[in-house]
Each structure stands twice: as C-alpha cells, then as structure tokens.
Amino acid sequence: MALVLYNTLTKRKEPLEPLHKDKIGIYVCGVTVYDQSHLGHAKSAINFDVIVRWLRHRGYDVKHVTNFTDVDDKIIARANEIGIDPLKLSQRMIDEYFGDMDALRIRRASVYPKASDTMEDIIRMVQGLIDKGYAYESNGSVYFSVRKAKEYGKLSRQNLDQMQAGARIEPGEDKQNPMDFALWKAAKPGEIAWDSPWGKGRPGWHIECSAMCLKHIGKTVDIHGGGTELIFPHHENEILQSEAYNDAPFVRYWMHNGLLTIDQEKMSKSLKNFFLIKDILGKHTPGTVRFYLLNAQYSQPLDYNEKSLEEAGKALERLQNTYSSMKAVLTTSKGTDDASELCEKAAKDFEAKMDDDFSTREAIAVMYDLSREANKLLSDGKLSQKGAQNVIDVFDKFNSIFDVLVETQRTGEDLSGKLVDLLLEMREEARERKDFAQADTIRKRLAELGIEIQDTQDGAVWKRK
RNA sequence: GCCGGGAUGACAGAGUGGCCAUGUGGCGGACUGCAGAUCCGUACACGGGAGUUCAAAUCUCCCUCCCGGCCCCA
C-alpha cells in the first residue's frame, strides 16, 4: 500500500511520488537562533524526525535540510543588548539547539545551512529576480513585486485585494505596494552587513529558504515542512520567489505541523508562555517528551499541560513494561505459542497507520493492543521464547521510529548479573520457608542498587532501571 | 474583515455511514505472602439546530464557540 500524506497545497491526502523515484529532498524551516529552544520547537523537530525516519524506513534515500536563520532583526537586537557580535550569539544558540535536540534523540539533518553561509547564493537569486523583472531596488533595498507574480496566495488561499482591504497595511516608504516584501534589506548604520550590488545590507527573511532549497536540493523539492504559522506569509513568499526565479514548481508536498499551545494559546517566545526544552528535561525523560509529542497527529495542535505530560509518561511505561518483560523471559519462557500471527498483524497495522499520513497516535494504539495480547500470553504461561522474540522484534521496529523505549535487558552474563541471579535464588528459598522479611530485604536492597525485581508465575525476573 | 484548522466520554486524543479506538484516571473482579506488573469486566461521548438515509458522532445546510495566520515566530 502506498504512503499517503496530507498536502497543504491541495488540501488533501496524496500518495507520495517523489520527483526522483527513490530519492527525497525534504526541507524543513528551522529556527531563528536568538534564544534557547522551547517545547514548541521540540514538537516540530520531533514530528519531522519521525517523518524522516519513516521515509528512510520505507527505503527512500532522504536528504533532509534544515536551516538556521542566523542574521535577522531579533538577533541583532539581542546581540546589541548583551554587547557581542551577532554571529557569535547565533553560533552560541546553535550549539544550545544541538544540545537540546541531541538530548531528545532527534537525528541530525543532512545539512544545516546558515543564512550567513549562503550569502552568495542569496545575492545571485535576488539579482536574478531583478533581471527577470520580478523585483526592484529602492534605496539600497530590494523588494519582490507581488503584482508581478503569476499566482498569488495559492498555498494560503489569500486574495491580494481582500488582504489589503482588510489589513490596511501602510506602504513602507520604499515599497511600491504594501504587500511587496524585502529580498534584501539595506544596512542601517552599525548593523552587520554584507556587500552586494545594491550596497551593504543583509537578506530578507524569506529569501534564504528559497536559496537554500535551490542550493541543497534543487529547483523542485519533494517535501517542504514547517509550522502552520509559517504558511503565510513565509511559505507563500518562498513560492513566489522560487517559482519566479526557477520557472519550475517549487514544492511537491507542503507539510505543516500543528502548533504547541498552552492554555489554548500558542507557545511562543513573544508571548512569554514557553517552557524551555532543558527545563522540561529536568523533570521528564526524553522518551516521555517524545512520546507525549507523538501522541497527537503531527498536523494537529497540541495543548500542553504538566498533567498530560505526566500521563504520557505513565502510558509509555505500559509499553516499556511489556518490552522489558519480553526481554526478561527471552531465555526462560516455557510456553509454546510463538505469537507469530499476532505479531505479523501488529507489524502490518503499524505500517499501515504510519503510511497513512504518519498517524503516530494510531500506530501507538496498535502497540497497546499488541502489548495486551502479549502480556496475556505471558501471564497464561503460553508464550514461547520465540514468541517473546517476535514481540520484541515488533517493539524494536516501533522504537526505531519513535525512539522512546530504553533497554532494560538483563545482563546476566557478567559477574554482577550472576550475583543478582544468586541473590534471587536465595530470596526464592527465603520465600519458600515463608521468611518474607528476608525476601523483602533482598528486594529492597537490590532496588536501592537499581535492580528491580518482579515476581511472576514463572519465578522472579529482574532488570536494571 | 479575510484565509485556514477545530469542537468526541473525568482528562488526553483517534476514527468511521451500521461492530471495540487507545491511554491515564474511576468503579468491580482475577492473580499475589506483600510490592509491582499484568489480565478481565464496567460506567462516562461525539458543540447546537434542521435535512438526506433503513441507519449519522460520521454526509449537506445554518448557528455558536475556540485556535492559528494577515509585524516576528517551529
């Protein structure tokens, strides 16, 4: 069955058909690095992390490009406040960003271009747009002329005339039309600037993405992603620039992730209602955070609150327990049922849900069903060792995409493992002679050492926490 | 004002024209020396109003409310 995904451009789910058979170029708008990352950034990054992992799992050769906007008004303002070079500030924030993302086990993109490294390409593109008559220079700045665009608003379905009537944007002093947007901004005195044919200045916000897509992927990118708040004007303007410059369709599939809200409002730096990733990770494991964020369809908004994050942690523990139990009985289970039918069905259902626009929430539900059935077989003493392995295989596949489970496999082969086995034998003897005080002491002392014991019908099993 | 997305049980969050989402939490059981884990059963639902249909939470229309976008933002 084909993989389908929701395309914001056409407003429907479409089968994925990359431009070049098995290769996919995906560009995801990154962050403006003027401050630390919050949970909303994590949502976007994790959503696309899973999407890319799934595409790779399906056999595609994926080139994933995510940019850093390292030159912009906010960075300049912040750098001035603290008195450092803007590019130093942005580099520092990039380092922080990678620290957070690595902690959340987000796989790195193939390339992370920065606006400041892409300057030649940006200037070439701006000049090209002027040469083709789509853009004009005015007092050292360059603007894209929206009236020259063949189609305006095809992504966001905005109508130029209505927008102006409704928004009543005052024309900027250098603009011919209020909806024109800057491709190149003339430098103000003292600002960081690059040389260009129009004097010193720096790129407008939208042009870097167009230039990076062209440079790192090509005229047409298969998938372009970002948060829903970027649809207008950012992505709309990218389309105008790129299609005018390249004379080719810019993007085949537009994917937008829903925003993280808090008390029903968008989490954002400007609203000051954000939680930093590093603060959240002080209270919750990376697995819990990932699981929480993947508990909703990527395209839907998700309302954050501490309680639902805790719930996600408990819910995840359920899957973790099953996984750990299966590992624990891998060489001891005595049943005869290899659970193959069950596991094949789960694996198939999981694939189908992920293939349906990356429906992580439903894919998780499949895992719960598998969990329940597997636990039942285990507690009835029916599960075979092969069966435990089959269940583990499905969980491993799930985890290769979601990356939320931790290895709790007993390491019984080394000395410490053998010592734990010995203690469990002694505890078993204590229990047989009803010396529960002794048995409980052993359990308690081992727990203090990070070894968790659970009594099952087939005897006690243990794992490292 | 214009554009887009929503409204589902205590909470979180799926989905489909007729059958159970799922998880957390409740309640009642099973198992157990105790813990823990696990399993079984159970209650609680589809914003409001009209229509289509044998059948609608699921399709159509209207209404209400919420969120996002229209300066920056994942």
Given (1) farther than 30 Å from A:V4 by Cα; (2) part of a helix (DSSP H, G or I), where does A:A365 come up short, assuming only one miss?
(1)
A:P178 passes all but one of the listed conditions (1) open to solvent by less than 10 Å² (accessible area, probe 1.4 Å); (2) within 11 Å of RNA strand B (Cβ to nearest atom); the exception is number (1)
The condition from (1) within 9 Å of RNA strand B (Cβ to nearest atom); (2) buried (at least 23 other Cβ atoms within 10 Å of the Cβ) that A:D73 misses is numbered (2)
Among A:L19, A:L89, A:L39, which is the only one that is more than 23 Å from A:K219 (Cβ to Cβ), in the same structural domain as A:I231 (by TED's automatic domain parsing) and in contact with a Lys or Arg (Cβ under 7 Å, 6 or more places away or on another chain)?
A:L89
Got a sec? Which of A:E311, A:E306 is near RNA strand B (Cβ under 8 Å from one of its atoms), surrounded by fewer than 19 Cβ atoms within 10 Å (Cβ to Cβ) and more than 17 Å from the chain's Cα centre (by Cα)?
A:E311
Residues satisfying the stated conditions in segment A:439-453, i.e. open to solvent by 80 Å² or more (accessible area, probe 1.4 Å) and either more than 8 Å from RNA strand B (Cβ to nearest atom) or without any contact (Cβ under 8 Å) to a residue 12 or more places away in the chain (or both):
A:K444, A:R445, A:E448, A:L449
Is it true that A:R427 is open to solvent by 80 Å² or more (accessible area, probe 1.4 Å), charged (D, E, K, R) and part of a helix (DSSP H, G or I)?
no
Condition first: open to solvent by less than 60 Å² (accessible area, probe 1.4 Å) and within 9 Å of RNA strand B (Cβ to nearest atom). Now tell me which residues in segment A:363-372 satisfy that.
A:I364, A:A365, A:V366, A:M367, A:Y368, A:S371
Test result for A:K43, part of a helix (DSSP H, G or I), within 16 Å of RNA strand B (Cβ to nearest atom) and buried (at least 23 other Cβ atoms within 10 Å of the Cβ)
yes
Would you check if there is a residue in segment A:236-258 being closer than 17 Å to A:V50 by Cβ and in contact with a Pro (Cβ under 7 Å, 6 or more places away or on another chain)?
yes
Out of the residues in segment A:250-273 that are in contact (Cβ under 8 Å) with a residue 60 or more places away in the chain and among the polar types (S, T, N, Q), state the one that is nearest to A:L240 (Cα to Cα).
A:N257
Among the residues of segment A:373-406, which ones are of a type in the set (S, T, N, Q) and surrounded by 14 or more Cβ atoms within 10 Å (Cβ to Cβ)?
A:N375, A:S384, A:Q385, A:Q389, A:N390, A:N399
I'd like the full set of residues that are assigned to a loop (DSSP other than H, G, I, E, B) and either touching a Gly at 6+ places or on another chain (Cβ under 7 Å) or within 6 Å of RNA strand B (Cβ to nearest atom) (or both), limited to segment A:222-273.
A:L259, A:Q264, A:M267, A:S268, A:S270
Against the condition within 17 Å of A:Y112 (Cβ to Cβ) and out of contact with any strand residue (DSSP E or B) (no Cβ under 7 Å at 6 or more places or on another chain), how does A:K219 come out, does it pass?
no
Is there a residue being of a type in the set (D, E, K, R) and crowded, with 19+ Cβ neighbours inside 10 Å anywhere in segment A:257-278?
no
Unique match (being open to solvent by less than 40 Å² (accessible area, probe 1.4 Å) and of a type in the set (F, W, Y)) among A:Y134, A:Y60
A:Y134
Contacts under 6 angstrom Cβ, first residue in segment A:352-375 being closer than 28 Å to A:S44 by Cα and touching a residue at least 24 places away in the same chain (Cβ under 8 Å), partner assigned to a strand (DSSP E or B) and open to solvent by 50 Å² or more (accessible area, probe 1.4 Å), 6 or more apart:
A:D357/A:Y6; A:D357/A:K13
Could you say which residue among A:E432, A:E428 is within 11 Å of RNA strand B (Cβ to nearest atom) and in contact (Cβ under 8 Å) with a residue 24 or more places away in the chain?
A:E428
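The values are calculated or read from the model by the stated rules, or taken from the named source; none is laboratory data. Every value quoted in this text rests on a predicted model; they were computed, and no experiment measured them. Using ideal geometry, Cβ is built from the backbone for each residue, glycine included, and neighbour counts are taken over all protein chains shown. Only protein heavy atoms, including side chains, enter the accessible area calculation; ligands, DNA and RNA are left aside. Shrake-Rupley method; radii C 1.70, N 1.55, O 1.52, S 1.80 Å.
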